[in-house]
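Reviewing the structure listed below.
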Amino acid sequence: MSILIKNIGGLVNCRTEYHLLRGKELSSLPTLSNAYLIINDGIIEEYGEMSSFQKKEIDFKHVHDASGKFILPTWCDSHTHIVNAGTRENEFIDKINGLTYTDIAEKGGGILNSANKLQNASEDQLFLDAWNRIEELKKLGTGAIEIKSGYGLTVESELKMLRVIKKLKEKSSISIKSTFLGAHAFPSAYKENHEAYISLIINEMLPVIAKDKLADYIDVFCEQGFFSPNEMELICQEGMKYGLKPKLHINQLSSIGGIQTAINLNALSVDHLETMTETDINDLSNSNTIGTLLPTAAFFLRMPYQPARKLIEAGCAISLASDFNPGSSPSGNMNFVITLSCIQMKMLPEEAINAATINASYAMDLQDSLGSITVGKKANFIFTKPIRSISLLPYSFGSNLIDQVMINGEFIN
Ligand code: NIG
Ligand code: FE
C-alpha cells in the first residue's frame, strides 16, 4: 500500500507541530532539502532527510524519484463562489469603458445579474459546471476549497445552490466547505424593504439549511449599498444559533465598522480588506479572526491592493484566497494569487506560501488534515518541475511550474 518519494529537492512546510501563523511567523517556511516522504492509504506516514532513510525500497508498492523538485502542500482556497451560472464579460467591457463596480451594481448588473442567470439554471448544470471548474483547479494545485451560495437570493435558489455544494462535497476528491451567503445583495423587490428580505433569510432559509445540514459557515456582504454592520450582526447571530460560524465579506469598497462587528461575533475570517483604516488593522491584530486577502479581486477591479505588509507588521494572522467568481475574480488560479501577493502586496514568497497553505487551512477549519507536511495529514501535494528555488513559483508568473498534483496519495495527472 505504501508509496515512497525519494530524493526530493525540497520538502516545503514540514511541521511536526502547527499553529495559526501571525505577523513575523509567516516568513518562516520550514523546508527539508534532499528528503523522502512515505505515504500510506492517502495519509503522510513519515518524512525526513534522505541521509536518515532506513527502509528498503523493495518493500514499497511504488517508488517515485523527485530529484530537483519541490513538494509542497496543495493550496487551500478558503473563499470562492465557483457555483454560478456563467461569465459576465459584458461587465468586463463596461469596466474597460469606465464604469465602476458600484455603477454596474446600481444598474442591475453585478450580483443581481448572476442571480438572474442562476435562478434559471438547472441543478444538474450548476453541478457539472462547478465540477469542471474544480477539476481544472486541482491541476493548478488546489487541494481544498470553500464554496459560497449567494447567487440565488430566493429561498428556492439559495437552497438549490447549497444542494449543489453538498453534492460536490460528497463526490469530489478534495475537501469542500460550504458557506451560506443569502445576504450577498438585496434582490430588486426588497431594495426598499431590507427587513422583509432579512426575515426571509432568518425564517425561511436558515431553518431548512440547518435541518438539511447544507452549510458550515454563514457569510454577509457588509458594504455600503449592501448589508450594514447591524444587519450583518443580526443575520450572523441567527446563523450561529444553528452552529454556522461567521466568515464574512468585509471592507472591500469601504470601511463602515464591519471589522469591529465581525470581531465581536468571533468570526473565523474577515475577507477582502482592500480598504482598511489604522484602527481596523489594530483591532484585527488584537483578535482571533483571520484576515483573508483576495488580491485577484483587487487586480480585476483595479482597486488598491490589500495592505499585506501593514497587516503582517501589526501581527495579524492572514491567509490568501482566490475569490473565484464571475464579477470580481474570474480565476481560481492560486498560483497567480501567490504571484500577485508577492509583486503587488510585497509579501515574501515564504509568507505567501504559508498564507495559502497552513493559514488558509485554518481559515476553513481543515488544519488537522491539510496545510502542512505533517504526519497524519492528507497526502495532498504539489510537485514542482525541477527548480532551483521555491521563489521561482511567484517569480515565473504565467508559466506553469507544477509538474504533478497528488490528492489523497494519488497523482491526478
Ligand atoms: O467577493 N463582493 C462581493 N462578492 C463577490 C463578487 C460578487 C460578484 O460580483 O458577483 C466578491 O468579490
Ligand atoms: Fe467573495
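No value in this document is a laboratory result; all are computed from the given coordinates. Quick caveat: nothing in here was measured; it's all calculated off a predicted structure. A quick note on method: Cβ atoms are made from the backbone with ideal geometry, for glycine too, and the neighbour counts reach across all protein chains shown.
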Original post:
For the range 361-368, in order, what is each residue's ³J(HN,Hα) by Karplus, 6.51 cos²θ - 1.76 cosθ + 1.60 with θ = phi - 60°, in whole Hz (x at glycine and Pro)?
Top reply: 5, 5, 6, 9, 6, 10, 5, 8
**OP:** Would you mind ranking V12, V63, V405 by Cβ crowding within 10 Å, fewest neighbours first?
**Re:** V63, V405, V12
Original post:
Distance in nm between label sites at K346 and D41, each 7 Å beyond Cα in the beta-carbon direction?
Top reply: 4.9 nm
Subject >> Considering only the chain, percent of DSSP beta bridges that pair antiparallel, nearest 5 >> reply: 40 percent
Original post:
Which part of the range 320-345 falls in the paramagnetic zone of F397, meaning amide N under 16 Å from the point 7 Å along Cα-to-beta-carbon?
Top reply: 321-322, 329-345
**OP:** Arrange K169, K24 by Cβ neighbour counts within 10 Å, fewest through most, would you?
**Re:** K24, K169
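What full-extension length gain, to one decimal in nm, is calculated for E49 and S173 as 0.36 nm per residue of separation minus the Cα-Cα distance?
41.7 nm
In the chain, which longest range has no GluC sites (Glu not before Pro) that are both DSSP loop (not H, G, I, E or B) and surrounded by at most 16 other Cβ atoms within 10 Å?
For GluC sites (Glu not before Pro) (loop position, at most 16 other Cβ atoms within 10 Å), the longest site-free span of the chain is 193-413.
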Original post:
What ³J(HN,Hα) values, in whole Hz, does the Karplus curve 6.51 cos²θ - 1.76 cosθ + 1.60 give for the range 402-413 when θ = phi - 60°, with x put for Gly and Pro?
Top reply: 7, 8, 8, 10, 10, 10, 6, x, 10, 5, 9, 8
Original post:
Say each of L128 and E25 gets a label point 7 Å from the Cα, pointing the same way as Cα to Cβ; how far apart are those two points in nm?
Top reply: 4.6 nm
Original post:
Here are some pairs, K138/K245; K117/K245; K177/K245; K138/K177; which of them have Cα atoms lying more than 22 Å apart in this structure?
Top reply: K138/K245; K117/K245
Subject >> Two-site label geometry, S199 and D368: point separation in nm, points 7 Å out along Cα→Cβ >> reply: 4.1 nm
Original post:
Which ³J(HN,Hα) values in Hz, rounded to whole numbers, follow from the phi angles of the range 290-306 under the Karplus curve 6.51 cos²θ - 1.76 cosθ + 1.60, where θ = phi - 60° and Gly and Pro get x?
Top reply: 7, x, 9, 8, 10, x, 5, 6, 5, 4, 5, 8, 6, 9, x, 6, 5
**OP:** For each of M276, M347, count neighbouring Cβ atoms within 10 Å of the residue's Cβ, then give the residues from fewest to most.
**Re:** M276, M347
**OP:** Have a look at the DSSP beta bridges in the range 262-413 and tell me what percent are antiparallel, nearest 5.
**Re:** 50 percent
**OP:** Starting from one equal scatterer on each C-alpha and no solvent at all, send me the Debye-based log10 I(q)/I(0) for the range 76-362 at q = 0.10 Å⁻¹, two decimals.
**Re:** -0.46
